[in-house]
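Mind having a look at this structure? Questions to follow.
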Amino acid sequence: MSRSAWRQPVRIADAVPGVFKRLGLETRLRQSEVWTVWPGVVGTQIARHAQPHSMWRGRLIVHVTDPVWLHHLRMMSHRVTAALNDRLGAPLVRELVLRIGEVAALPAGPAEPPSPAPEPPPDPVHLARIEGLLLPLRDAPCREALYRLLLRAYRPAGKE
């Protein structure tokens, strides 16, 4: 091969979209993004029980764990479809086809944040003042609710 037939090197990130377009796989590549955006669109609770299985001609086949989740998703399928297309930036999903099937476990997310340090006990002066304010109140549930509310109001600034 002559030296003139060689082309300049191109970064692979720049070359891949052109290759997919030339092979007619651009739409399939865009559709594959559904798997990555699914948990963010439906939330982790639903994603534990329903996950995309395949895609064919705009129909997203979703496997769900049981009939309860199938019914739940069927009731909100139009909203899910609209949210997916919105997140993908194009109307790639025409409809959801729901089937009971095997759902893989979601990968573990980031570790839970450490629990906050226990709050210091409230100031006895504030407790006495709150109890004095609530002394005339006879309704126990109302008194308890107001007690919690006033206790929260007397917290030092920055503790909420």
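Laboratory data are not the source of any read-out in this text; all were calculated from the coordinates shown. These figures come from a predicted structure and were not determined experimentally. Here Cβ is always computed from backbone atoms with ideal geometry, including for glycine, and neighbour counts include all displayed protein chains.
Quick one, what does Rg over Rh come out to for region 15-100 if you take C-alpha atoms and the Kirkwood Rh?
Expressed as Rg/Rh, it is 1.01.
Take every DSSP beta bridge with both residues inside region 15-100 and express the antiparallel ones as a percent of the total, to the nearest 5.
Of all bridge pairs located within region 15-100, approximately 50 percent are antiparallel.
Summing Lys, Arg as +1 and Asp, Glu as -1, what charge do residues with Cβ under 11 Å from the Cβ of L88 carry, L88 excluded?
So the surrounding residues net to 0.
Between V10 and L25, 0.36 nm times their residue separation minus their Cα-Cα distance comes to what?
3.4 nm
What whole-number distance in Å separates the alpha-carbon centres of region 68-101 and region 12-65?
Here the answer is 12 Å between Cα centres.
Compare the peptides 66-77, 19-30, 40-51 by average per-residue count of other Cβ atoms within 10 angstrom and give them in order, highest first.
Averaged packing, sorted descending, gives the order 40-51, 66-77, 19-30.
Once both labels are modelled 7 Å past Cα along the beta-carbon direction, what's the C142-S77 spacing in nm?
Calculated label separation equals 5.1 nm.
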